[in-house]
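Written out below as structure tokens is the structure these notes cover.
The values are calculated or read from the model by the stated rules, or taken from the named source; none is laboratory data. Computed from a predicted structure; not experimentally measured. Note that we place each Cβ from the backbone using ideal geometry, even for glycine, and neighbour counts take in every protein chain shown.
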Amino acid sequence: MRVIVIGGSGRTGLLIVEKLVAAGHSVVATIRNPKRMAETVKRGAETIVLDLDKSPLSDFTTTMKGADAVVFAAGSAAGESSALDRIGTRRTVHAAENAGVKRYLSISAIGASTGLSIRSMDDEMKDYYKQKRAAAKFITSSSLEWTILEPGELTDGGDTGKVLLSQQAINEESISRADVAAVTLALLEEPKTAGKVFQLTRGTQTIAAALKAALS
Ligand SMILES: NC(=O)c1ccc[n+]([C@@H]2O[C@H](COP(=O)([O-])OP(=O)(O)OC[C@H]3O[C@@H](n4cnc5c(N)ncnc54)[C@H](OP(=O)(O)O)[C@@H]3O)[C@@H](O)[C@H]2O)c1
């Protein structure tokens, strides 16, 4: 597959790039900061500098032409507006549709689709969840074969290969970015995950077994 990774230089994005390349896929990483280019290039990704807020939509569309899938792994940093999650999703969904890309996989946050209450969260987290929920509406009402992955709190621990994946609400637990990247690859490679939202935390099942269970 030719896969566009939006936010390819992010902590999760870079691991997704790495795993996609290792699995034999052709990867295009879009990054905001040109200073990060060496990291994605070193991992074997064609790299294009595109800002989700500022670059013209036509540049995203051109970049996506001929691709099989788009992975949205960008996200607002602490202190940055979470509007990026909504606006960046809306723009990349439109670009993917315009470019004729079929698959779109987005990384959201645990509970965003399962009715997790945001009442007791601080204002920053409340806004973050509102933006992720708005982003999901663009995705699910698009013409794309979409998949949304909603992981728990991300850590920088390495691959454990053991996860809990479910289409139902699960307890909030953490998960390493490396495992999120590995699950992203597994979801992309399984067409039956299209049109579905998955919760993901650390767990006890191998990724293959967890995916089989989540789809049964
Ligand atoms: N942190 C958590 O605990 C958690 C939990 C669940 C889900 N998630 C979600 O998981 C995903 C990955 O999270 P992460 O913590 O691994 O991400 P991260 O390391 O913070 O990386 C985010 C990436 O998004 C890019 N970005 C930000 N604004 C942009 C813009 N305007 N245009 C283009 N790129 C832009 C950043 O580019 P620069 O390098 O230029 O800054 C960065 O590379 C995000 O969608 C996040 O919401 C996070």
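Numerical summary
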| read-out | value |
| --- | --- |
| Residue in the range 159-168 that is modelled with pLDDT of 95 or more, in contact with a helix residue (DSSP H, G or I) (Cβ under 8 Å, 6 or more places away or on another chain), outside any helix (DSSP H, G or I) and closer than 17 Å to Asp85 by Cβ present | no |
| In the range 175-210, residue surrounded by the most Cβ atoms within 10 Å (Cβ to Cβ) [restricted to those that are among the charged types (D, E, K, R) and not in a helix (DSSP H, G or I)] | Arg202 |
| Qualifying residue in the range 10-27 (condition: free of Cβ contacts under 8 Å to residues at least 60 places away in the same chain and within 7 Å of the ligand (Cβ to nearest atom)) | no |
| Scope the range 28-44; condition within 18 Å of the chain's Cα centre (by Cα) and within 13 Å of the ligand (Cβ to nearest atom); matching residues | Ala29, Thr30, Ile31, Arg32, Thr40 |
